[in-house]
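The next block holds one structure in the form of C-alpha cells; read it before the comments.
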C-alpha cells in the first residue's frame, strides 16, 4: 500500500502546478526526494522531511534534494496509544505523507488550520484526505518564483 500512497501524496502537490513533475525511480540513490519508512519515531513525530538542498545537475539545471521519513505507526504515548505502537490507517498515512512532501518541497508550517501545512493533528482524523489549500499553493508559488541567486536559502529560516 505504500507505493500508491506515496504517488498520491506527490500528485497532490503536482496537480496545482503543471510545471512541477515527479518521476519515480527504482533506486533510492537516483532519487532527488527519497522516502524512507520507519516503524515509529521515538520523539513526538509521525513524519519528518528535510528542507531541500539546491544543486545543479550535469546539464546545469537547478534541482533539489531532500529526504522524507514516514512512520507506519504512532509511537507509544502519542495520544493514540499508551503502551504499544498503533498502525496508522491508509488515510492517516496519506495525510502525513502529503504534509511531509510539502516540507521536502521547501514549505514550512502554516498558521492556518485549513492548510495542508497547518498545525492540525492530521493523524487523528481518520479517512480525511487533505488537499493543498489556496494558501499552501500561493506560498509554494512565491517560494519557487524567488530569484535563484539568493544569498541565503529561504527554506532554512
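Every number here is computed from the coordinates shown, using simple stated rules; none is lab data. In this text the structure is predicted, and so the values were computed from the model without any measurement. Heads up, the Cβs are rebuilt from the backbone with ideal geometry, glycines too, and the neighbour counts pull from every protein chain shown.
A few comments on the model shown:
- Of the beta bridges in region 22-98, as assigned by DSSP with both residues counted there, near 60 percent are antiparallel.
- DSSP bridge pairs, region 2-145: antiparallel proportion in percent, nearest 5: 60 percent
- Cα pair count fraction exceeding 21 Å, expressed as % - region 2-145: 42 percent
- Here each label is just a point 7 Å from Cα along the line to Cβ, and for residue 15 and residue 45 those points are 2.7 nm apart.
- Working ranking of peptides 17-25, 99-107, 30-38 by packing, defined as the average number of other Cβ atoms within 10 Å per residue, highest first, is 99-107, 30-38, 17-25.
- Inter-probe distance in nm under a simple model that places probes 7 Å from Cα toward Cβ, at residue 8 and residue 55: 3.2 nm
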